[in-house]
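Q: One structure coming up, written as structure tokens, with questions to follow.
The values are calculated or read from the model by the stated rules, or taken from the named source; none is laboratory data. On a predicted model such as this, the values are computed, not experimentally measured, just so you know. Ideal geometry is used to build each Cβ from the backbone, glycine not excepted, and the neighbour counts take in all protein chains shown. Accessible surface areas use protein heavy atoms only, side chains included; no ligands, DNA or RNA. Shrake-Rupley method; radii C 1.70, N 1.55, O 1.52, S 1.80 Å.
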Amino acid sequence: MEIVLIIIGAILVNNVVFAQFLGICPFLGVSNKVSTSLGMGAAVVFVTTIAAVVAYLLQYYVLVPLGITYMQTIVFILVIASLVQMVELVIKKVSPVLYQALGIFLPLITTNCAVLGVAILLVQKEFDLLESVVFAFATAVGFALALVIFAGIRERLELENVPKALKGTPIALVVAGILAMAFMGFSGLV
Amino acid sequence: MKKLNIILSGIVKNNPTFVLLLGMCPTLGTTTSALNGAGMGAATMAVLVLSNVVISMVKNLIPSKVRIPAYIVIIAAFVTIVELCMRAYLPDLYKTLGVFIPLIVVNCIILGRAEGFAAKNGVVDSALDGVGIGLGFTLSLTVVGAVREILGSGAIFGHKFITGDGMLIFVLAPGAFLVLGYLMVLFNKLTSK
């Protein structure tokens, strides 16, 4: 039951983009087409979940026993950055098809604050390993969901006659604001 | 004069929020009030100035192949220092800003300035660039925070000047997107002449 609550909470109620404001840069940057946003979403789900496992193990088997939890930020960012590189190499070798689909998005993920954010949050929320994995996966799915919905709207927005001063990012932010309002409808679900 | 220009360009011409569109997450996530916005801006500015200075000092010692990881370690070290200082001296602000303080590390403004400015310029200019961009970021965050606070709770910097409830939506998540979007429209309009 706990697990179900974490999933619904992370995807809908506390959506990573619309309620927690993490990963806004890729959200605004890679949301012009539904197809690319699907690729980006999949890459984020993949990396975030792996990063969460690694962050959990590091926190409880290295940082806490050594009493150096203040090194958390430095350790996490380095590990995530190298992890992304490693994932890229492994996928390239093991599954060229997957690499074709995710390849160009992987380097972009290092600067996605959602990945580091999830790693820090799961420590703050004191989740155990299973909860951490589920939380990371669900948060990333929430990100992918937000990205795909947003890309769908932006594709149609391309064809509309937007006032000059609103073109580009401003109209995207206004759309995101309205979407965030829609997502507020989920609050109280958990 | 040239030194002054470096600072000024960070505030208007290269404004990180409205022109460069960098650092969107803290801009949206921490601006529930003018004070929170200013606090987040100041913390980012501290990291930005310190990392710019150190990176411009060591830029010739770092082989260019490993420069990005090296910059990230320097930035992360300063973020940790700022984080610990805030936890000790400003515990309330630290609690409100929460996860966004450690996340300064992935704020693209900082790595962007390290790579784009500090790696090519001297120590003094890099420090000034940090101050300029930092001020631009702090000002933008304070403005977004102030607008949200005024509309959302009828107060500014915690001083309530309108009785009754504000439009709560502006303090909540959707308000962040809407206020930033329309402020950007205003900024485009004013600077496009």
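Q: Can you give the average number of partner chain beta-carbon atoms within 10 Å of each beta-carbon in peptide B:16-27, as a whole number?
A: 3
Q: Towards the positive end of the charge dipole of region A:14-184, with charges on Cβ (+1 Lys, Arg; -1 Asp, Glu), say which of A:MET86, A:GLY41, A:SER31 has the farthest Cα.
A: Result: A:SER31, furthest along the dipole toward the positive end.
Q: Within chain A, what's the longest stretch lacking trypsin sites (Lys or Arg not before Pro) that sit in DSSP loops with no more than 15 other Cβ atoms inside 10 Å?
A: Answer - A:34-124.
Q: While we're on this one: Inside 10 Å of the C-beta atoms of A:181-188, what's the mean count of C-beta atoms belonging to other chains?
A: The per-residue average across the peptide is 2.
Q: Let me ask something additional. For region B:2-138, give the percent of accessible area contributed by carbon and sulfur heavy atoms, probe 1.4 Å, rounded to a whole number.
A: Details: 3920 of 5520 Å².
Carbon with sulfur: 71 percent of the solvent-accessible area.
Q: Could you go through region A:44-56 in sequence order and give the Karplus-derived ³J(HN,Hα) for each residue, using 6.51 cos²θ - 1.76 cosθ + 1.60 with θ = phi - 60°, rounded to whole Hz, and x for Gly and Pro?
A: 5, 4, 4, 5, 4, 5, 5, 4, 5, 4, 4, 4, 4
Q: Further, regarding this structure: Starting from the Kirkwood radius over alpha-carbon pairs of the protein assembly as shown, derive D by Stokes-Einstein at 37 °C in a medium of 0.692 mPa s and give it in µm² s⁻¹.
A: 153
Q: Moving on. Taking only protein heavy atoms into account and a 1.4 Å probe, give the accessible area per residue of chain A in Å².
A: 47
Q: Let me ask you something else. Can you give the average number of partner chain beta-carbon atoms within 10 Å of each beta-carbon in peptide B:163-174, as a whole number? Present the calculation step by step, with values, prior to reporting the outcome.
A: Numbers: counts 0, 0, 0, 0, 0, 0, 4, 0, 0, 5, 14, 12.
Other-chain Cβ atoms within 10 Å of each residue's Cβ, averaged: 3.
Q: Let me ask something else. Relative to the longest principal axis of chain B, what angle (0 to 90°, nearest 10) does the C-alpha long axis of helix B:2-11 take?
A: 40
Q: Do any residues of region A:38-85 lose at least 40 Å² of accessible area when the full set of protein chains is present rather than just their chain alone, and if so which, with a 1.4 Å probe?
A: A:TYR70, A:THR73, A:ILE74, A:ILE77, A:LEU78
Q: Heavy-atom accessible area per residue, region B:2-138, 1.4 Å probe: how many Å²?
A: That works out to 40 Å² per residue.
Q: So which residues of region B:102-131 lose at least 20 Å² of accessible area, probe 1.4 Å, when you go from the chain by itself to every protein chain present?
A: B:PRO102, B:LEU103, B:VAL105, B:VAL106, B:CYS108
Q: Taking the simple approach of a point 7 Å from Cα along Cα-to-Cβ for both B:ILE62 and B:LEU90, what is their distance in nm?
A: So the label points at B:ILE62 and B:LEU90 sit 2.6 nm apart.
Q: Charges on Cβ only, +1 for Lys and Arg, -1 for Asp and Glu, centred on the Cα centroid of region B:65-128; of B:ALA127, B:LEU93, B:ILE74, which one is farthest towards the dipole's positive end?
A: Towards the positive end, the residue furthest out is B:ILE74.
Q: Right, another one. Heavy atoms only, 1.4 Å probe, whole protein assembly: order A:GLU2, B:GLU149 by accessible area, highest first.
A: Greatest to least solvent exposure: A:GLU2, B:GLU149.
Q: How far apart, in nm, are two points set 7 Å out from the Cα along the Cα-to-Cβ line at B:PHE161 and at A:ALA182?
A: 3.8
Q: Which Rg and Dmax, in Å, describe the Cα atoms of region B:37-193?
A: Considering region B:37-193 through its Cα atoms, Rg and Dmax are 17.9, 60 Å.
Q: Ok, one more. By how many nm would the segment from A:LYS164 to A:LYS92 grow when fully extended, if each residue of separation counts as 0.36 nm and the alpha-carbon distance is taken off?
A: Details: separation 72, 0.36 × 72 = 25.92 nm, distance 4.27 nm.
The A:LYS164-A:LYS92 span can extend by a further 21.7 nm.
Q: Do any GluC sites (Glu not before Pro) in region A:65-169 lie in a loop, going by DSSP, with at most 11 other beta-carbon atoms within 10 Å of their beta carbon, and if so which?
A: A:GLU126, A:GLU158, A:GLU160
Q: If you don't mind, there's one more thing I want to ask. With axes computed from alpha carbons, what is the tilt in degrees of helix B:173-191 against the longest principal axis of chain B, rounded to the nearest 10 within 0 to 90?
A: For B:173-191 against chain B, the angle is about 70 degrees.
Q: Under the definition of Cα pairs under 8 Å and six or more residues apart, what whole-number percent is the relative contact order of region A:14-184? Before the final figure, lay out each step's value.
A: Details: 161 pairs, mean separation 73.8, N = 171.
Relative contact order of region A:14-184: 43 percent.
Q: Check the straight Cα-Cα distances from B:LYS65 and name the aspartates and glutamates below 14 Å, setting aside those fewer than 8 residues away within the same chain.
A: B:GLU115
Q: Rg and Dmax of region A:14-184 over Cα atoms: what are they, in angstrom?
A: When restricted to Cα atoms, region A:14-184 yields Rg and Dmax of 17.2, 59 Å.
Q: What residues qualify as long-range amide H neighbours of A:GLY23, i.e. H under 5 Å apart, gap of 5 or more or another chain, H built at 1.01 Å from N?
A: Counting only residues 5 or more places away or on other chains, the set is A:CYS113, A:ALA114.
Q: Tell me which of A:GLN100, A:GLY177, A:VAL134 sits at the most positive position along the dipole axis of the protein assembly as shown, charges placed on C-beta atoms (Lys, Arg +1; Asp, Glu -1).
A: So the residue we want is A:GLN100.
Q: Heavy atoms only, probe 1.4 Å: what % of the accessible area of region A:14-184 goes to carbon and sulfur, would you let me know? Show your work: numbers first, answer last.
A: On the way: 5150 of 7630 Å².
Accessible surface attributable to carbon and sulfur in region A:14-184 totals 67 percent.
Q: Do any trypsin sites (Lys or Arg not before Pro) in region B:1-86 lie in a DSSP loop with no more than 16 other beta carbon atoms within 10 Å, and if so, which?
A: Answer in residue order: B:LYS13.
Q: Helix B:67-89: angle to the longest alpha-carbon principal axis of chain B, degrees 0 to 90, nearest 10?
A: Long axis of B:67-89 versus the principal axis of chain B: about 50 degrees.
Q: Could you list which residues have their amide H under 5 Å from that of B:ALA155, counting only those 5 or more apart in sequence or on another chain, with H placed in the peptide plane?
A: B:ILE150, B:PHE161
Q: Calculate one ³J(HN,Hα) per residue across region B:138-155 by plugging θ = phi - 60° into the Karplus curve 6.51 cos²θ - 1.76 cosθ + 1.60, and present them in order as whole Hz with x for glycine and proline.
A: Whole-Hz 3J(HN,Hα) from phi for region B:138-155: 4, 4, 4, 5, 5, 5, 4, x, 5, 4, 5, 5, 5, 5, x, 9, x, 9.
Q: Considering only C-alpha atoms, what is the centroid distance from region A:83-142 to region B:68-89, in Å?
A: Result: 23 Å between the Cα centres.
Q: Evaluate the distance, in nm, between pseudo-label points positioned 7 Å from the Cα of A:ILE68 and of A:ILE153 along their respective Cα→Cβ axes.
A: The answer from the label model is 4.5 nm.
Q: Go through region A:125-142 residue by residue and turn each phi into a ³J(HN,Hα) via Karplus (6.51, -1.76, 1.60, θ = phi - 60°); whole Hz please, and just put x for glycine and proline.
A: Working through the residues one at a time gives 7, 6, 6, 8, 4, 4, 4, 4, 4, 4, 4, 5, 4, 5, 4, 5, 5, x Hz.
Q: For the pairing of chain A with chain B, what total accessible surface becomes buried, with a 1.4 angstrom probe, in square angstrom to the nearest 100? Show your work: numbers first, answer last.
A: Working: alone 10300 and 10060 Å², together 17460 Å².
Result for this pair: about 2900 Å² buried.
Q: When the dipole is taken about the Cα centre of region B:2-138, and only Lys, Arg (+1) and Asp, Glu (-1) are charged at their Cβ, what size is it in debye, to the nearest 20?
A: With Lys and Arg at +1 and Asp and Glu at -1, about 320 debye.
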